[in-house]
1. Every residue in region B:69-105 that is under 18 Å from the mean Cα position of the chain (by Cα), among the β-branched types (V, I, T) and more than 11 Å from every other protein chain (Cβ to nearest Cβ), please.
2. Restricting attention to region B:1-16, report how many residues are of a type in the set (A, V, I, L, M, F, W, C) and either under 24 Å from B:T73 (Cβ atoms) or not in a loop (DSSP other than H, G, I, E, B) (or both).
3. I need the strands (runs of 3 or more DSSP E) fully contained in region A:1-54, keeping only those with at least 3 residues that are touching a residue at least 40 places away in the same chain (Cβ under 8 Å).
4. Mind telling me which of the residues B:A214, B:A245, B:A239, B:A149 ends up being away from every other protein chain (no Cβ under 14 Å), crowded, with 23+ Cβ neighbours inside 10 Å and part of a loop (DSSP other than H, G, I, E, B)?
5. Considering each residue of region B:13-51, count those that are of a type outside the set (A, V, I, L, M) and under 16 Å from the mean Cα position of the chain (by Cα), and give that number.
6. From the list B:L131, B:L123, which residue is crowded, with 24+ Cβ neighbours inside 10 Å, modelled with pLDDT of 95 or more and either within 14 Å of chain A (Cβ to nearest Cβ) or within 13 Å of the chain's Cα centre (by Cα) (or both)?
7. Of the residues B:T8, B:T44, which is loosely packed, with under 15 Cβ neighbours inside 10 Å and either under 26 Å from B:L219 (Cβ atoms) or of a type in the set (V, I, T) (or both)?
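The values are calculated or read from the model by the stated rules, or taken from the named source; none is laboratory data. Note that this is a predicted model, so its numbers are computed, not measured. Glycine gets a Cβ as well: all are built from the backbone with ideal geometry, and neighbour counts include every protein chain shown.
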Amino acid sequence: MVHATVNGERIQIPPGTTIRTFILSKELSPPQIVIEYNGEIIPRESWDGIPVCDGDNLEIVKFLGGG
Amino acid sequence: MPNNDCLTIGTTALESRLFIGSGKYSSDEIIPELAARSGAQVITVALRRVDFNAKQKNILDCIPKNCVLMPNTSGARTADEAVRIARLARASGCGDWIKIEVIQDNRYLLPDNIETIRATEILAKEGFVVLPYMSPDLGAARRMRDAGAAAVMPLGAPIGTNKGFRTKELVSILIEEICLPVIVDAGIGRPSEAAEAMEAGAAAVLVNTAIASAKDPALMAEAFGLAVKAGRAAYLAGAGAVRTAAEASSPLSGFIGALK
């Protein structure tokens, strides 16, 4: 299993899981979220080509209500 | 009201001078009605980590297509954090506007002007349309203007308090001295207070809690829309002088003769 950190939580995911696969597994719709991968913002079109590796750190964010 | 009284921020001409927030509502689904009833064309949102345990609704589905999205950098405690949040917000593809909100004070949520100036410098250079939320200090506002802010947004009172336009004296100085739109943001609790800010020459007001905390948010949103229009019209009309002594409304002659 691959050990990574997503939104501050340590998780385990099957090897070979791409960012896009991970997003879809969480029933998230790509247009509503933005992803920072190891400190860099990753455009949506790249999600499919990036496998999540050991030690990776993802921040997955979306808009919500605010003033 | 003159036809051509649009507020231009960046390259966007706005007919409405009321901006509304999207927080604290019972449901995001009321947002379209609030926008329609108030006439607001700018809606703020925040950016947060996705909660994987929650139902994945998308607030963007509730933002009318004719409205400008203004993400804020709430959560940022430093300029660098604000810049990071702003870049994430822009990566969503929803536009270039950003409300810089840098707050270290947890009790009053007062903005840190110094960090806000730094964030303005960085983000304006990166082509954002920057609207910094700030404490009404003329020196800070000048620095934000010089750094490329599209407007300044001084608080009316601490966020969420509904206390009203408590900073009127200092905001009036900004309005007088800064050649940028001055948008009163935070603390406005009643439509009359929004009108007061507009009468004082504010370019716009931003309201969230006052609408969200009302018994009838949609009706309150409508009231705010009317108040902002009234206050703006009053400002353009040029209010009469305030006097100490009375001045009669009708001539002091030609009275009917006294009864004998």
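1. Step one: list which residues in region B:69-105 are under 18 Å from the mean Cα position of the chain (by Cα), which gives B:69-74, B:96-103.
Still in the running and among the β-branched types (V, I, T): B:73, B:98, B:100, B:102-103.
Those that are under 18 Å from the mean Cα position of the chain (by Cα), among the β-branched types (V, I, T) and more than 11 Å from every other protein chain (Cβ to nearest Cβ): B:I98, B:I100, B:V102, B:I103.
2. Taking region B:1-16 as the starting set, the residues that turn out to be of a type in the set (A, V, I, L, M, F, W, C) are B:1, B:6-7, B:9, B:13-14.
Of the ones still in play, those that are also either under 24 Å from B:T73 (Cβ atoms) or not in a loop (DSSP other than H, G, I, E, B) (or both) are B:7, B:9, B:13-14.
Final tally of qualifying residues: 4.
3. Numbers: elements: A:2-6, A:9-13, A:33-37, A:40-42.
Once the strands (runs of 3 or more DSSP E) in region A:1-54 are filtered for at least 3 residues that are touching a residue at least 40 places away in the same chain (Cβ under 8 Å), what remains is A:2-6.
4. Numbers: B:A214 fails: crowded, with 23+ Cβ neighbours inside 10 Å; B:A245 fails: crowded, with 23+ Cβ neighbours inside 10 Å; B:A239 fails: crowded, with 23+ Cβ neighbours inside 10 Å.
Result of the check over B:A214, B:A245, B:A239, B:A149: B:A149.
5. Our first condition is that a residue be of a type outside the set (A, V, I, L, M); within region B:13-51, this holds for B:15-17, B:19, B:21-29, B:32-33, B:37-39, B:41, B:44, B:48-49, B:51.
Subsequent filtering for residues that are under 16 Å from the mean Cα position of the chain (by Cα) retains B:15-17, B:19, B:21-23, B:38-39, B:41, B:44.
The number of residues fulfilling the criteria is 11.
6. On the way: B:L123 fails: either within 14 Å of chain A (Cβ to nearest Cβ) or within 13 Å of the chain's Cα centre (by Cα) (or both).
Going through B:L131, B:L123 in turn, just one is crowded, with 24+ Cβ neighbours inside 10 Å, modelled with pLDDT of 95 or more and either within 14 Å of chain A (Cβ to nearest Cβ) or within 13 Å of the chain's Cα centre (by Cα) (or both): B:L131.
7. Numbers: B:T44 fails: loosely packed, with under 15 Cβ neighbours inside 10 Å.
B:T8 is the lone residue from the list that is loosely packed, with under 15 Cβ neighbours inside 10 Å and either under 26 Å from B:L219 (Cβ atoms) or of a type in the set (V, I, T) (or both).
Condition check ((1) surrounded by 17 or more Cβ atoms within 10 Å (Cβ to Cβ); (2) small (G, A, S); (3) more than 10 Å from chain B (Cβ to nearest Cβ)) across all residues:
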residue	(1), (2), (3)
A:Q12	no, no, yes
A:F22	yes, no, yes
A:P30	no, no, yes
A:N38	no, no, yes
A:W47	yes, no, yes
A:D54	no, no, yes
A:F63	yes, no, no
